[in-house]
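Here's the structure we're looking at; comments come further down.
The values are calculated or read from the model by the stated rules, or taken from the named source; none is laboratory data. Fair warning: this is a prediction, and the values are worked out from it, not measured in the lab. Cβ placement follows ideal geometry from the backbone for every residue including glycine, while neighbour counts extend to all protein chains displayed. Remember, those area values only see protein heavy atoms, side chains included, never the ligands or the DNA or RNA. Shrake-Rupley method; radii C 1.70, N 1.55, O 1.52, S 1.80 Å.
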Amino acid sequence: MITIDADGALEAARQLSGIPAKIALAQRRALGTLRRRWPVIARRDIQTEYALPAARIRAGLSVRTTSESLALVGVARGVGLRNFRSKRSADDRGLDFVAIKGKCGFRRSGFHGRHRGVDIAFERTPVRGDKRVPRTPIRRLYGPSIAQMLRKGDRAERMAEAGLAVITSEIDRQALRARRR
């Protein structure tokens, strides 16, 4: 009588059939890790160039998920100049500010004010012609938006490379973890 033990072959077939599910799980986890880390990577990169607090950059960044991709998105609304390093000039004739690190700016008719409990930078707009106005009109001052900061230079390519690096390292980590089990 001849007997064949097929338990080993069945176990190998069962493990092979589970590989696609494990790969899909590793990919989902890697995308989740990227979704969590990408805004931090972008914030750090933006802060190397712009004089903006981390909280303000975080407020303007988000990651959108579609069925087949992730997208790092910056808010297109301008960031108020008061959020950058700004102060009343020493001679009290305007507003000094630093939006891009290393470059100082000055608005002769700029000043700080409060609107609805928020500090905002304003400037007086000159009135031209024969118009007589009781008070000079003012307008808010803005710096670049988070979306403009993300598009500037080769930052988009750096963010794509950083995202790819996070995904590949996470999938490698998941694969190493699966081999240890």
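Please give the per residue accessible area of segment 27-68, computed with a probe of 1.4 Å over protein heavy atoms only, in Å².
Result: 60 Å² per residue.
If you split all Cα-Cα distances of segment 19-107 into 5 Å bins from zero, what percentages do you get per bin, shortest first?
All Cα pairs, binned at 5 Å, distribute as 3, 12, 18, 17, 13, 10, 8, 7, 5, 3, 2, 1, 1, 0, 0 percent.
How big is the charge dipole of segment 39-85 about its Cα centre, in debye rounded to the nearest 20, if each Lys and Arg gets +1 on its Cβ and each Asp and Glu gets -1 on its Cβ?
Its charge dipole is roughly 300 debye.
Of the lysine pairs in segment 56-181, how many meet both conditions: Cα atoms under 20 Å apart, and a spacing of 8 or more in sequence or different chains?
Step by step, the pairs that qualify in segment 56-181 add up to 4.
Which percent of the accessible heavy-atom area of segment 46-181 goes to carbon and sulfur, probe 1.4 angstrom?
About 51 percent, which is the carbon plus sulfur part of the accessible surface.
Keeping every protein chain present and rolling a 1.4 Å probe, give me the accessible area per residue for segment 83-181 in Å².
Per residue, segment 83-181 has an accessible area of 73 Å².
Per 5 Å bin, what percent of the C-alpha pairs of segment 45-181 does each bin hold, from zero upward?
Result, from short to long distances: 2, 8, 14, 16, 14, 12, 9, 8, 6, 4, 3, 2, 1, 1, 0, 0, 0 percent.
Order the following by accessible area, largest value first: Asp96, Asp154, Asp130. Probe radius 1.4 Å; ligands, DNA and RNA are ignored.
Asp130, Asp154, Asp96
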